[in-house]
Amino acid sequence: MNAVFGRRALFAAGLLGSAALGLASAGFAASKADYPGYGGDQGATRYSELTLINKANVGKLVQAWRFDMPSGGLQMQPIIVGGVLYATTTDGKVVALDAATGALKWSTGFPGAGGGRGRGLTFWQSGKDRRILVPGSAYVYQINADTGQLIPSFGDGGKIDLRLQLRGDDPTQNLINLGTPPSLYGDIFITAGGVPETSPSAPGDIRGWDVRTGKLLWTFHTIPYPGELGHDSWPAEAYKTAGGVNAWQGTIVDEANGIVFAALGSPADDFWGGERPGNNLYGNSLVAIDGKTGKRLWHFQTVHHDMWDADFSAQPILTTVRRGGRPVQAVAVTNKAGFIFLFDRKTGKPLFDIKEVTVPPSDVEGEVASPTQPIPVLPAPLGLHEISPDTLTNRTPEANAAARARLATMKTGPVFTPIAKDKDTIVIPGFSGGVEWGGMAADPKGILYANSENIAWYTSIIDQNRPGPGRSKYNFSGYNKFLDPDGYPATKPPWGTLNAIDLNTGKYLWKIPFGYYPDLAAKGMANTGSESYGGPVVTATGLLFIGATIYDRQFRAFEAATGKELWKAELPYGGVATPATYLAGGEQYVVIAASGARDRKGPKGAAIVAFKLAR
């Protein structure tokens, strides 16, 4: 990638390379060799300028090394700086590996770090001062990048407690479990997320901290206080008790313009809003925040008064598109409903029209749904938005009959149909998207790449079955996939797709089924698509690398221009994470984390696996 993150030294992702932008300042080390941050760069473009692996030789990739760890979930994307790969493990450690060989350099354990939802680390450098920020449950630890040892001058003996300086006099009531790494704006690191979306919950305030000392510098209230814009979109006292509204996928930074972008999630409770009447800003909003002060610059709410857990399922992403023959710096974001929204970074102006569309009212007593919801005209949604008997599985006659019978007992309707009380209600795309937490990728031409799920889920509103302090009147019946009797999705394939969208025009360049079920493929039913967790990386040579598929355990390279598969390798476990690419020892590597936790029938274990060209 283009940069080691240093003081005032991050390039505006989606534009030209750092050298072309003339970036130079203390602590900045321009290097295409590294992949120094979550999402590759501060704009989460997941784009690499490396060119040693190309369409002509990608078929010669072989496994270079493998680093095994105890069995468990592993969603982590490693970072690579100066020939060292930094990663978290399934058992709560941070490890530094030789990026060329996978040999262990050091290992340090931290409570709550890594594991199933530990998604990465943050690297910061100023001169010879090199530090790593480690998210771990309610804490952010800071360690020396060369030794793995805590930096005692940071916070309280090397860590800060995110429950403090948040809300109320009793920080133990502020439940936080941070897994996504902080972003960086110069010498400020930004935390956002990790709070529940069921009551009781803490607010998901966006906060900026001094990277050297851990001192809190600013706070953006995601549930507005009196006198702040949006306070009137909640009950007057909501800021004292309401929770959720957190950027659990992670924030991104446009350093050149000094903007932090946060894609904020749904308010608590996800499916019942009767105790929070109003549109509930800044729930389900993309918010642009001044990186120095924490002040709001602009926002756009993509779901009013969310009752579907339809929040953003991936980080925003920076890109550049053309309008009227001129380049426009843009930011894109997608939610679980499968809509993609595109805005001018500086002004918040939508770059494709967005219409407020009338949607059905709720029939749950006490619930007041928003009468309209914003829907972009372009691009078209990533997946289905309505289900009917004609869209059900045709895998076998028996599966189709069972799906039809089950669907007849459910409430269905168009997107944003309110969930019913004591009656299962279909939500499609389901509660895992759309695009998931692995994120999207974008190249400098304004082409967006995204893997998306196309599976129906269902739930219902039920009376509260978990009584206790702070609980709301109602609960929900769980996150339930709509499956046939054999455990496959009850809708027609494809059940997952890989997509390329030209954000200059809003049109799809290609869409292909992505993933398969080995048992079905053995019976001649291949290319069904499947669930996928983890995103892509795109390179300057026109390659798209992605694992993500749960069941087939394949790591693939596609031609970015066409979607043609050029290479694949079977991983030991599902590559349900986002890859990274880097140079070490003069060779280009592509690396991905793999784990078996999501595939109940598959092999168990976890590993980091790196590939390079055969000599």
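The values are calculated or read from the model by the stated rules, or taken from the named source; none is laboratory data. Everything numeric here is computed off the predicted structure, so don't read it as measured data. Counting neighbours? That spans all protein chains shown, and the Cβs are built from the backbone with ideal geometry, glycine included. Ligands, DNA and RNA are stripped out before the accessible areas are found, and what is left, the full protein with its side chains, is counted by its heavy atoms. Shrake-Rupley method; radii C 1.70, N 1.55, O 1.52, S 1.80 Å.
In the stretch 474-508, what residues are at negative phi, assigned to a loop (DSSP other than H, G, I, E, B) and surrounded by 15 or more Cβ atoms within 10 Å (Cβ to Cβ)? If you could, list the steps in order and put the result at the bottom.
As a first pass, look at the stretch 474-508 and keep what is at negative phi: 474-477, 479-486, 488-505, 507-508.
This time we only want the ones that are assigned to a loop (DSSP other than H, G, I, E, B), so: 477, 479, 482, 484-486, 488, 490, 492-495, 503-505.
Matches in the stretch 474-508: Ser477, Phe482, Asp484, Tyr488, Ala490, Lys492, Pro493, Pro494, Trp495, Leu503, Asn504.
Any idea which residue in the stretch 346-363 is least open to solvent (accessible area, probe 1.4 Å), counting only those that are part of a loop (DSSP other than H, G, I, E, B) and more than 30 Å from Thr459 (Cα to Cα)?
Top of the filtered list is Gly348.
Could you tell me which numbered condition Arg598 fails, if it satisfies all but one of (1) on the phi < 0 side of the Ramachandran plot; (2) modelled with pLDDT of 95 or more; (3) open to solvent by 20 Å² or more (accessible area, probe 1.4 Å)?
Evaluating Arg598 over (1) on the phi < 0 side of the Ramachandran plot; (2) modelled with pLDDT of 95 or more; (3) open to solvent by 20 Å² or more (accessible area, probe 1.4 Å) leaves (2) as the failure.
So, in the stretch 65-83, of the ones that are open to solvent by 30 Å² or more (accessible area, probe 1.4 Å) and assigned to a strand (DSSP E or B), which residue ends up farthest from Gly585 (Cα to Cα)?
Among those residues, the one meeting the criterion is Asp68.
For the stretch 107-156, give me the residue count where each residue is within 25 Å of Thr578 (Cα to Cα), open to solvent by 30 Å² or more (accessible area, probe 1.4 Å) and either touching a His at 6+ places or on another chain (Cβ under 7 Å) or of a type in the set (Lys, Arg) (or both).
So the count comes out to 2.
Could you say whether any residue in the stretch 423-443 is under 26 Å from the mean Cα position of the chain (by Cα), at positive phi, at pLDDT below 95 and part of a loop (DSSP other than H, G, I, E, B)?
yes
Taking Trp298, is it over 18 Å from Phe189 (Cα atoms), open to solvent by less than 20 Å² (accessible area, probe 1.4 Å) and part of a strand (DSSP E or B)?
Details: over 18 Å from Phe189 (Cα atoms): yes; open to solvent by less than 20 Å² (accessible area, probe 1.4 Å): yes; part of a strand (DSSP E or B): yes.
Yes: the conditions hold for Trp298.
Residues in the stretch 174-187 that are in a strand (DSSP E or B), out of contact with any Asp or Glu (no Cβ under 9 Å at 6 or more places or on another chain) and of a type in the set (A, V, I, L, M, F, W, C): how many?
Looking only at that region, the number is 1.
When residues of the stretch 313-338 are filtered for being within 21 Å of Gly193 (Cβ to Cβ) and either at pLDDT 95 or above or touching a Phe, Trp or Tyr at 6+ places or on another chain (Cβ under 7 Å) (or both), how many remain?
Summing the residues that are within 21 Å of Gly193 (Cβ to Cβ) and either at pLDDT 95 or above or touching a Phe, Trp or Tyr at 6+ places or on another chain (Cβ under 7 Å) (or both) in the stretch 313-338 gives 12.
For the stretch 379-395, which positions are open to solvent by 20 Å² or more (accessible area, probe 1.4 Å), out of contact with any Ser or Thr (no Cβ under 8 Å at 6 or more places or on another chain) and under 27 Å from Ile354 (Cα atoms)?
Ala380, Pro381, His385
From the residues in the stretch 514-560 that are more than 24 Å from the chain's Cα centre (by Cα) and of a type in the set (A, V, I, L, M, F, W, C), which one is farthest from Glu453 (Cα to Cα)?
Among those that are more than 24 Å from the chain's Cα centre (by Cα) and of a type in the set (A, V, I, L, M, F, W, C), it is Ala522.
Do the conditions hold for Ser233, that is, is it of a type in the set (S, T, N, Q), within 15 Å of His299 (Cβ to Cβ) and open to solvent by less than 10 Å² (accessible area, probe 1.4 Å)?
Taking the combined requirement at face value, the residue does not satisfy it.
Can Val62 be described as closer than 28 Å to Asp599 by Cα and either surrounded by fewer than 24 Cβ atoms within 10 Å (Cβ to Cβ) or of a type in the set (A, V, I, L, M, F, W, C) (or both)?
Yes; evaluated as a whole, the condition is true for this residue.
Kindly indicate which of Gly338, Gly366 is on the phi > 0 side of the Ramachandran plot and open to solvent by 10 Å² or more (accessible area, probe 1.4 Å).
Among Gly338, Gly366, only Gly366 is on the phi > 0 side of the Ramachandran plot and open to solvent by 10 Å² or more (accessible area, probe 1.4 Å).
Show the residue pairs meeting these rules: Cβ distance below 8 Å; 6+ apart or different chains; first residue within the stretch 510-525 and assigned to a loop (DSSP other than H, G, I, E, B); second residue open to solvent by 70 Å² or more (accessible area, probe 1.4 Å) and not hydroxyl-bearing (Ser, Thr, Tyr).
Close Cβ pairs (under 8 Å, with a partner that is open to solvent by 70 Å² or more (accessible area, probe 1.4 Å) and not hydroxyl-bearing (Ser, Thr, Tyr)) amount to Tyr516/Asn527.
In the stretch 170-192, which residues are in contact with a Ser or Thr (Cβ under 6 Å, 6 or more places away or on another chain) and surrounded by 24 or more Cβ atoms within 10 Å (Cβ to Cβ)?
Pro181, Pro182, Ser183, Ile190, Ala192
I need a count of the residues in the stretch 84-99 that are in a loop (DSSP other than H, G, I, E, B), open to solvent by less than 30 Å² (accessible area, probe 1.4 Å) and not polar (S, T, N, Q).
Residues flagged as in a loop (DSSP other than H, G, I, E, B), open to solvent by less than 30 Å² (accessible area, probe 1.4 Å) and not polar (S, T, N, Q) within the stretch 84-99 amount to 2.
Listed residues Val321, Val331, Val287; which is part of a strand (DSSP E or B) and in contact with a Lys or Arg (Cβ under 6 Å, 6 or more places away or on another chain)?
Sole residue among the options that is part of a strand (DSSP E or B) and in contact with a Lys or Arg (Cβ under 6 Å, 6 or more places away or on another chain): Val331.
Mind listing whichever residues of the stretch 207-257 are more than 17 Å from Gly168 (Cβ to Cβ), in a helix (DSSP H, G or I) and in contact (Cβ under 8 Å) with a residue 60 or more places away in the chain?
Residues satisfying the conditions are Glu255, Ala256, Asn257.
Can you tell me which residues in the stretch 401-428 are open to solvent by less than 50 Å² (accessible area, probe 1.4 Å), small (Gly, Ala, Ser) and farther than 18 Å from Trp272 by Cβ?
Across the stretch 401-428, the qualifying residues are Ala402, Ala403, Gly413.
Acidic (Asp, Glu), in contact (Cβ under 8 Å) with a residue 60 or more places away in the chain, buried (at least 22 other Cβ atoms within 10 Å of the Cβ) and farther than 30 Å from Ala242 by Cα: which single residue out of Glu436, Glu398, Glu453 fits that description?
On the way: Glu436 fails: farther than 30 Å from Ala242 by Cα; Glu398 fails: buried (at least 22 other Cβ atoms within 10 Å of the Cβ).
None of the others qualify; the one that does is Glu453.
So, restricting to strands (runs of 3 or more DSSP E) that lie completely within the stretch 539-604, which ones have at least 2 residues that are under 26 Å from Asp502 (Cα atoms) and touching a Leu at 6+ places or on another chain (Cβ under 8 Å)?
543-546, 554-559, 565-570
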